[in-house]
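*Asks:* Please read through the structure below; I'll follow up with questions.
Laboratory data are not the source of any read-out in this text; all were calculated from the coordinates shown. On a predicted model such as this, the values are computed, not experimentally measured, just so you know. Glycine also receives a Cβ, built like all others from the backbone with ideal geometry; neighbour counts cover every protein chain displayed.
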Amino acid sequence: MHDTITRLRDAINAHDPDAMVQLFAKEYRSEQPAHPNRGFGGSDQVHKNWSTLFAGVPDLEVEVLADMDDGATSWSEWEFRGHYTDSTVFMERGVILIGLRDDGAIAWARLYMELVEQDGAGIDETMRQTAKVSS
């Protein structure tokens, strides 16, 4: 695993947004292609986002399930888990592509993360909804 990804995982697990921000370029750009309105720029927003998540999921832990990088881009599969402050389960899984500068700073990321639906629709219902066809 790339050193920056290891340090990011460790900073998240330590609930340390200050250590996290040190890993991001000031001009960092975040995109969530499946949710375009969630895109943002700047490491200050990284701090704000993670501080909010740490407050709402006080026992948050993350794990990098799989990863690979070519030195300039990291592809990693993540699992976030914990409990909201009301004790209900929080779980998010997905893939993050991270652009790494030569100095190791995170320049950009594209997040393909989704909350896990434990009781969501099965595949047949999901396909009917996706295709907008009736049963």
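*Asks:* Based on the Cβ-Cβ distance of ASP18 and ASP119, what FRET efficiency does E = 1/(1 + (r/R0)^6) give at R0 = 35 Å, to the nearest 0.05?
*Replies:* Using R0 = 35 Å, I get an efficiency of 0.40.
*Asks:* Considering all alpha-carbon pairs of the chain, what whole percent are spaced by more than 28 angstrom?
*Replies:* 21 percent
*Asks:* Taking the Cβ of GLN22 as the center, what net charge do the other residues with Cβ under 10 Å away carry, scoring Lys and Arg +1 and Asp and Glu -1?
*Replies:* Neighbourhood net charge equals -1.
*Asks:* State the Kirkwood hydrodynamic radius of segment 44-115 in Å, one decimal place, computed from all pairs of distinct Cα atoms.
*Replies:* 13.3 Å
*Asks:* Does anyone have the angle between helix 3-13 and the longest principal axis of the chain? Alpha-carbon axes, 0 to 90°, nearest 10?
*Replies:* 70 degrees
*Asks:* Using per-residue counts of other Cβ atoms within 10 Å, averaged over each peptide, order 127-134, 54-61 from highest down.
*Replies:* 54-61, 127-134
*Asks:* Let me ask something else. In bins 5 Å wide, starting from 0, what share of all Cα pairs of segment 1-73 does each bin hold, as a percent?
*Replies:* Result returned by the calculation: 3, 15, 21, 25, 26, 10, 1.
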